[in-house]
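Just below is one structure, and these are the notes that go with it.
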Amino acid sequence: MNKLIITAAICGAEVTREQTPYIPLTPREIADEAVASCAAGASIIHIHVRDEKGNPTQDVKVFKEVVHLIKERCPDLVLQVSTGGAVGMTADERLQSIDAGVEIATLDSGTTNFGDDIFVNDLPLMRHFASRMAEKHIMPEFECFELGHISNALRVVKEGLIGGHLHFDFVLGVPGGCPADVRNLIRMADSIPSDATWTVSGIGRHEFEMAAYGIAMGGNVRVGLEDNIYLSKGLLAKSNAELVEKVVRISKELGREIANPGETRKLLGING
Ligand code: KMH
Ligand code: ZN
């Protein structure tokens, strides 16, 4: 099996200080967590940013500041910005992040229920995002919250709007989205082209169970406080690095080595 690519999703858009005191919010805190996650074994950082009140923002100035602070200390890390932002943001607002100077951006591949809300990603929005990423030579990571989202992603590719190596993230366990069940993961992994790569993000208490399946199946893994704030039942993770370290331990027990950023670029066909 290839080495394991670990993505750290540092803060997301939804988690609050009321839920966990350990969620990083300022650019400096987010960068510190990214650097520590890298030292723990993450080779990709999934970036969201917050404004001075701690609310989600897609302001490219804040993204650029975080990117700068990370690159200062970890120039090799693979950085990925979110174009999902937070539910309710406009498409233009969400797309600002692709100007932050990174190699990968998420391309959310279909509308989904998101708790009480609806996270809108219709095909016209996907086509627009794909074209803008292609113009800027940014690789998309197709975020699939449902099986049908894979079809949407492949449709945008077939339409010629974006090409190159295809990489998917199966986000399982969002309330209202596809449940985090290994049978769903197998079905999704079987539904992408054989030369594509995938990672799995298990949401909430499913994070490590899905990580273990992802490792065993030859996929890759995303963990982080965006997806889950607990290290184990009832025990808050004190940092993203703790979550990454746990995945590294599971992976090594299962005999799979961890990819460094250079190896990750090769596996994903990124030129750097
Ligand atoms: N915050 C979610 C509504 C992404 O980063 O592209 C969207 C999200 C997906 O987190
Ligand atoms: Zn995200």
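Read the figures in this text as sums done on the coordinates, not as results from a lab. It should be emphasised that the depicted structure is a prediction, and the values quoted were computed from it without experimental measurement. All Cβ positions, even for glycine, are placed from backbone atoms using ideal geometry, and neighbour counts span all protein chains on display.
Per residue, how big is the convex hull around the C-alpha atoms of the stretch 85-239? Give it to me in cubic angstrom, could you?
Dividing the Cα hull volume of the stretch 85-239 by its residues yields 117 Å³.
In whole Å, what is the distance between the alpha-carbon centres of the stretch 22-76 and the stretch 195-272?
Rounded to whole Å, the Cα centres lie 18 Å apart.
At a temperature of 25 °C and a viscosity of 0.890 mPa s, determine how fast the chain diffuses translationally according to Stokes-Einstein, using the Kirkwood radius over alpha-carbon pairs as Rh; express D in µm²/s, rounded to the nearest whole number.
On the way: Rh = 18.1 Å.
Diffusion coefficient, whole number: 136 µm²/s.
What share of the DSSP beta bridges in the stretch 6-268 is antiparallel, in percent to the nearest 5?
Working: 7 of 37 bridges.
Around 20 percent of the beta bridges assigned by DSSP in the stretch 6-268 are antiparallel ones.
Could you give the length gained on full extension between Glu14 and Ser232, defined as 0.36 nm per residue of separation minus the Cα-Cα distance, in nm?
Separation in residues times 0.36 nm, less the Cα-Cα distance, equals 76.4 nm.
Could you list Arg183, Arg94, Arg222 in order of exposure, starting from the residue whose Cβ has the fewest other Cβ atoms within 10 Å? List each step's numbers first, then the result.
On the way: Arg183 8, Arg94 21, Arg222 29.
Exposure proxy ranking, most exposed first: Arg183, Arg94, Arg222.
Kindly put Leu268, Leu107 in sequence by how many other C-beta atoms sit within 10 Å of each C-beta, fewest to most. Intermediate results must be reported in sequence, preceding the final value.
Values: Leu268 22, Leu107 28.
With the sparsest Cβ surroundings first, the list reads Leu268, Leu107.
HN-Hα J couplings of the stretch 203-218 from phi, Karplus 6.51/-1.76/1.60, θ = phi - 60°, integer Hz, Gly and Pro as x?
8, x, 5, 8, 4, 7, 4, 5, 4, 4, 5, x, 5, 5, 7, x
For the stretch 15-75, I need the span (max minus min coordinate) of the C-alpha atoms along each principal axis, in Å, sorted largest to smallest.
29, 25, 15 Å, listed from the longest principal axis down.
How far apart, in nanometres, would the label points at Asn55 and Glu72 be if each is projected 7 angstrom from Cα along the Cα-to-Cβ direction?
Output for this residue pair reads 2.8 nm.
Looking at the square roots a ≥ b ≥ c of the eigenvalues of the Cα gyration tensor of the stretch 205-272, which shape do they give, rounded for a/c under 1.5, prolate if a/b is larger than b/c, or oblate?
The shape class here is prolate.
Report D for the stretch 1-121 in µm² per second (integer): Stokes-Einstein, Kirkwood Rh on Cα pairs, 37 °C, 0.692 mPa s. List each step's numbers first, then the result.
Values: Rh = 14.7 Å.
Once the numbers are plugged in, D ends up at 223 µm²/s.
What are the residues whose amide H is under 5 Å from the amide H of Asp108, where those residues sit 5 or more places off or on another chain and H is modelled from the backbone?
Those lying under 5 Å, H to H, from Asp108 are Glu143.
Rounded to the nearest 0.05, what FRET efficiency do Ala216 and Asn260 give with R0 = 25 Å and r taken as the Cβ-Cβ distance? Could you check? Don't skip to the answer; put the middle values down first.
Numbers: r = 21 Å, r/R0 = 0.85.
Efficiency computed from Cβ-Cβ geometry: 0.70.
At 222 nm, what value in deg cm²/dmol follows for the chain if DSSP H runs of at least 4 each add -39500 (n - 2.57) and the sum is divided by all its residues, to the nearest 500? Please list the in-between numbers first.
Values: 9 runs with 99 residues, N = 272.
Rounded to the nearest 500, it is -11000 deg cm²/dmol.
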